[in-house]
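These notes are about the structure you will find just below.
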Amino acid sequence: MQPPHVPTGQTRWRIPPILALTVLINYLDRNNLALAIPRIAQDFGWSDREIGANGEVLLAAFFISYALSNMLLSPWADRFGPKRSVMVAIAAFSIVTILSALFGASFVALIVLRLLLGLGEGVHIPMLSAITSRWFLPGERSRANALWGGGILVATAIAPILIIPLIQALGWRSTFAVLGVGGMIISLPLVYWLVPPDAAVSTWSAQTEAEARAVVSAPAYRRDPKFWLAVVGGSLNAFCAFGLLNWLPTYFNRAKNIDFAQLGWPLAVIFATGIVGIGVMAYWGDKLQRRIQLAAIGFLLAGVMVFLASTTTQLGLLVAAFAIAVFCQSAYGAQEYAIVQRLLPPHCVGSGTGLYNGLAVLLGGVGGSLIPGSIVAATGSFDAGMLSLVVGAGLAAIAMVVLSRYLKY
């Protein structure tokens, strides 16, 4: 068995930006609901407690089906082919976003559509991880993964200044339709034409065929405690990230009394710092090869800044504290898939990432939707709900320290 042709650096490095665009579209479709909740609540006449109770159901529904799709469908997607699976996922989540505009008048229909959206998006990220692991050597992967992972942060940064004015002008249901149609006509052609065929997407480093055969046992990584420590860290990261992403617009609007029409720029500034952060942290992750230690420090500082943010009502300080928190947490986002890829056999990166991502989202994404929402529903306090993220960040820092020590020895 001969290793496939290794493509040139110029060819390889054009791929992550294309994948980043698909991630950007993915997250605009995923996060439009979080930005629309204040208007949805207005349409349905919800109180603060009802926002907590109903909002957590809508947000969690996505993460439940998304997590299951990651875990159950990623092995099939691996066999079907990463590129083709990415294209199927783009078509699926774009169509569901369009359907949300048509059937959004019903709360029950919205729940069903959020479940379908999660199902459609599930294999997207695992297949991007599979493509990256085949194109890039381990010493390059923080940067390569961060390039397409940066699409997440670009989406969260531009979403408020893009989606909120659209909601103001068109209404939230028409906005969903625009996002669904736009995503499909932009990302599908780019992936089809500019991402190379699955058969050509492969790099072999110094690993020989004999070494590859030594790691053929697919379930082996599932018995590795290091992999499960990574899952714990990823789950806690998802809890903090999705908790902040899902609840920050409503938190600013209801707890800090920022008018809905004025939410755009504060949220954009906060999430834009993550774009800078992921670039800086990816560079240092590859340069220092201390990815896990960087993530631990980032989590610790992020928790401190969210706590400080909850104690102020001054808009400038509020934005600055959350911006620094997002910057610090991006230390994990820049290293996440490079860490996971290191722990997985080369032939299992797609399915292994699906298991990791699915569990992280099932535990953390659902938790980030339900726990802050449940606290708000029980207490009526959005500040109390936000403080749960401080606890999550502290636990994530501990998980990273333990994983770092485990790998050292």
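The values are calculated or read from the model by the stated rules, or taken from the named source; none is laboratory data. Treat the numbers as computed from the prediction; the structure is a model and nothing was measured. For neighbour counting, all protein chains shown are included, and Cβ atoms are generated from backbone atoms with ideal geometry for every residue, glycine included.
General observations
- Taking residues in region 310-326 that are at pLDDT 90 or above, and partners anywhere that are not small (Gly, Ala, Ser) and not in a helix (DSSP H, G or I), the pairs with Cβ atoms closer than 8 Å and at least 6 places apart or on different chains are Leu318/Lys256; Leu318/Thr312; Ala321/Thr312.
- Residue, modelled with the highest pLDDT, within region 186-208, restricted to residues that are over 17 Å from Pro17 (Cα atoms) and in a helix (DSSP H, G or I): Asp198
- Answer from Phe93, Phe107 - the residue that is farther than 23 Å from Ile278 by Cα, among the aromatic types (Phe, Trp, Tyr) and modelled with pLDDT of 95 or more: Phe93
- Among the residues of this structure, Gly81 does not count as one that is within 30 Å of Val376 (Cα to Cα) and touching a residue at least 60 places away in the same chain (Cβ under 8 Å).
- Residue match in region 12-28 (condition: at pLDDT below 85 and out of contact with any helix residue (DSSP H, G or I) (no Cβ under 7 Å at 6 or more places or on another chain)): no
- Residue in region 42-65 that is surrounded by 20 or more Cβ atoms within 10 Å (Cβ to Cβ), at pLDDT 90 or above, of a type in the set (Val, Ile, Thr) and farther than 18 Å from Asn357 by Cα present: no
- Check on Ser94, touching a residue at least 40 places away in the same chain (Cβ under 8 Å) and either over 30 Å from Arg290 (Cα atoms) or surrounded by 20 or more Cβ atoms within 10 Å (Cβ to Cβ) (or both): yes
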